[in-house]
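Right, one structure below, let's go through it.
Any read-out appearing in this document is the output of simple, stated calculations on the displayed coordinates, not a laboratory observation. Computed from a predicted model, the values in this text were never measured in an experiment. Using ideal geometry, Cβ is built from the backbone for each residue, glycine included, and neighbour counts are taken over all protein chains shown.
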Amino acid sequence: ETIGENLERTVARFPDREALVDRASGRRWTYAQFDEDVNRVARGLLALGVEKGDRVGIWSPNCAEWVLIQYATAKIGAILVNVNPAYRTHELAYALNQSGVRLLVSATRFKTSDYRAMVDQVRGDCSALETVIYIGTSDWDDLVARGESVPVDRLRERMARLSFDDPINIQYTSGTTGFPKGATLSHHNILNNGFFVTELLGATEQDRFCLPVPFYHCFGMVMGNLGATSHGACIVIPAPAFDPKLTLQAVQEERCTALYGVPTMFIAELTLPEFSSYDLSSLRTGILAGSPCPIEVMKRVVNEMNMHEVAICYGMTETSPVSTQTRLDDDLERRTATVGRVHPHLEVKIVDPGTGLVVPRGTPGELCTRGYSVMLGYWNEPDKTREVIDEAGWMHTGDLAVMREDGYVNIVGRIKDMVIRGGENIYPREIEEFLYTHPDIAEVQVVGVPDEKYGEELCAWIRMKEGAEPLTAEKVREFATGKLAHYKIPKYVLIVDEFPMTVTGKIRKVEMREKSVEMLG
Ligand code: ATP
Ligand code: MG
């Protein structure tokens, strides 16, 4: 089944149920109306001569048009290229050229980002780029109007020529550990993954998903949008970009049953001064994913946000994305201490990165996964693809994990983030979890910094709770002595107001390492 066929099946089952709500503009669509608009846009793209396999870029904050383009391109078999809204000209030009985008759909501007000016700046350097359509201008209306002249049969013919394993999407990875890579994904990859993620949440057409996560990332467009439409659930867009207040307002006013977010988003919502004034009683479930979630935060999500059936997911762009997930009936221990167990129809194994042999349960190693979810490859980068997908089809994730006796997986960190101090392997995650138990610490991240004597030393970046006295390295040592092995106690402490982050809300530890060195002189 292709994404277009799947949408039409949902439309046939639930034509009058709400499909999409765009809170910023107040617009709403039922499934029947949504499909009609998707078809108009799809026919507009056909009128512009967009062929199967052509790359269509989307560079915009979250909005209804983003979703319409996602499904319209899927219906005509164009490959949607998700461009990160935080990109600036250099990265934009890279993404457009690397994937050969022919048509770009963009916003004019949002907050301080003047998208149109940036597009104008790079346009001359992007040889494949023929057309740019700006959302919210007459360009969009022209596109839709053009579609009217294309007979519906032409869309039907195109849809009939598509296959479920065609590439349909190029998604650039978050760029947490370096330059983003363009993962090429098929209908089969992402439609199935979106379906299973929300199937495991127990999603039905009664559900309403509040999605403050960016659509450009698989968390939004696959786990969110495809997850919703494959079950007839409703997509609620609280705002163009993450805003904790607008998110909770949307949950309250739209009676959302599910809320998605990376841990930093939930932290922002929970720490709003007026947090307790929101009515979140409609919430049942949701997803926390993308990076490790502190246990304390998870407990509050369950107990204070009413998300008793919240799930933790683990995955990566290259695997469509999710590989492991907690289940609805998991207890708090599993939901806080693990990232769940392997998804249906997928395999997961933990291997010694040196030998490639499976390690015993309880021993850390590199997590590898295999199955329908593994990407087709990095776009136009066969060598990089071969580095991560082996001949037997296993995707090597670069993440260190432990599989417990009960089959649940625990992520201990990225291979690249592991600190080796005097020959001891240290997983920053463990130190972070420990420091979170300090009553004055609001947020903490630990990285390794180069050291002549030990190779590396630990440096903790700490954001203090409001009004708390800043901690010193000495105070941290006092707090940890007797509780942590001496080599795991950070030598350096930096008190900061914020952490360098990707637009998906992930901490960029590479940048932290560089800055630590600068800040420590
Ligand atoms: P890049 O590959 O460009 O450096 P990235 O790996 O952050 O960036 P994504 O594909 O968005 O790009 O993120 C996948 C990574 O996020 C995983 O490899 C893993 O390190 C981390 N991750 C995802 N979910 C979880 C989770 N639940 N717990 C811990 N880490 C997670
Ligand atoms: Mg990655």
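In this structure, the amide hydrogen of Cys234, modeled 1.01 Å from its nitrogen in the peptide plane, lies closer than 5 angstrom to those of Asp207, Arg208, Phe209, counting only residues at least 5 positions away or on a different chain.
Partners of Lys483 within straight-line reach, counting lysines whose Cα lies under 30 Å from its Cα and excluding those fewer than 8 residues away in the same chain: Lys299, Lys416, Lys453, Lys465, Lys475, Lys491, Lys506, Lys509, Lys515. Taking amide H as placed 1.01 Å from N in the peptide plane, Gly57 has its amide H under 5 Å from the amide H of Val81, Arg102, Leu103, Leu104, Val105, each at least 5 places away in sequence or on another chain. When all alpha carbon pairs of segment 73-158 are counted in 5 Å bins from zero, the resulting P(r) reads 3, 12, 22, 23, 18, 12, 7, 3, 0 %. Each Cα pair of segment 145-280 feeds into the Kirkwood radius, which the Stokes-Einstein equation turns, at 10 °C and 1.306 mPa s, into a diffusion coefficient of 94 µm²/s. Neighbour counts of other Cβ atoms within 10 Å put Thr285, Thr73, Thr481 in the fewest-to-most order Thr481, Thr285, Thr73. With Rg and the Kirkwood Rh both taken from Cα atoms, where does Rg over Rh land for segment 437-521? Using Cα coordinates only, the ratio equals 0.96.
Magnitude of the Cβ-charge dipole of segment 367-466, K/R +1 and D/E -1, about the Cα centre, nearest 20 debye? I would put it at about 200 debye. Our note on the geometry: Cα centres of segment 444-469 and segment 110-148, 44 Å apart. For segment 433-475, the residue among Gly455, Gly467, Phe434 whose Cα projects farthest onto the positive side of the dipole built from Cβ charges is Gly467. For the chain, the dipole from Cβ point charges (+1 on Lys and Arg, -1 on Asp and Glu) about the Cα centre works out to 260 debye, to the nearest 20.
Going by a ≥ b ≥ c, the root eigenvalues of the Cα gyration tensor, does segment 393-467 fall in the rounded group (a/c under 1.5), the prolate group (a/b larger than b/c) or the oblate group? It is oblate, given that a/c is not under 1.5 and a/b is not larger than b/c. Ranking Gly49, Ala107, Ala32 by Cα position along the charge dipole of segment 1-138, where only Lys, Arg, Asp and Glu carry charges on their C-beta atoms, puts Ala107 farthest toward the positive end. Dimensions of segment 226-289 based on its C-alpha atoms, expressed as ranges along the principal axes with the largest first, amount to 36, 22, 22 Å. Roughly what percent of Cα-Cα pairs across the chain reach past 34 Å? Here the tail beyond 34 Å accounts for 37 percent of pairs. In terms of overall dimensions, the C-alpha atoms belonging to segment 342-383 reach 37, 27, 11 Å along their principal axes, ordered largest to smallest. With the Cα gyration tensor of segment 1-105 giving a ≥ b ≥ c as the square roots of its eigenvalues, does the rule (a/c under 1.5 for rounded; else a/b larger than b/c for prolate; else oblate) give rounded, prolate or oblate? Because a/c hits 1.5 or more and a/b fails to exceed b/c, segment 1-105 counts as oblate. Distance from the Cα centroid of segment 15-83 to that of segment 261-320 is 28 Å (rounded to whole angstrom).
What area, in nm² and to one decimal, does the C-alpha convex hull of segment 260-381 cast on average over all directions?
9.7
Which Cα, out of Thr73, Ser149, Cys126, lies furthest along the positive dipole direction of segment 1-155 (beta carbon charges, K/R +1, D/E -1)? Final value for the positive-end residue is Cys126. Here segment 197-314 is assigned +1 on the Cβ of each Lys and Arg and -1 on the Cβ of each Asp and Glu. Its dipole about the Cα centre then comes out at about 140 debye.
With neighbours defined as other Cβ atoms within 10 Å of a residue's Cβ, the residues Tyr314, Tyr487, Tyr71 order from fewest to most as Tyr487, Tyr71, Tyr314. The calculated 222 nm mean residue ellipticity attributable to helices in the chain amounts to -9000 deg cm²/dmol, summing -39500 (n - 2.57) over DSSP H runs of n ≥ 4 and dividing by all residues.
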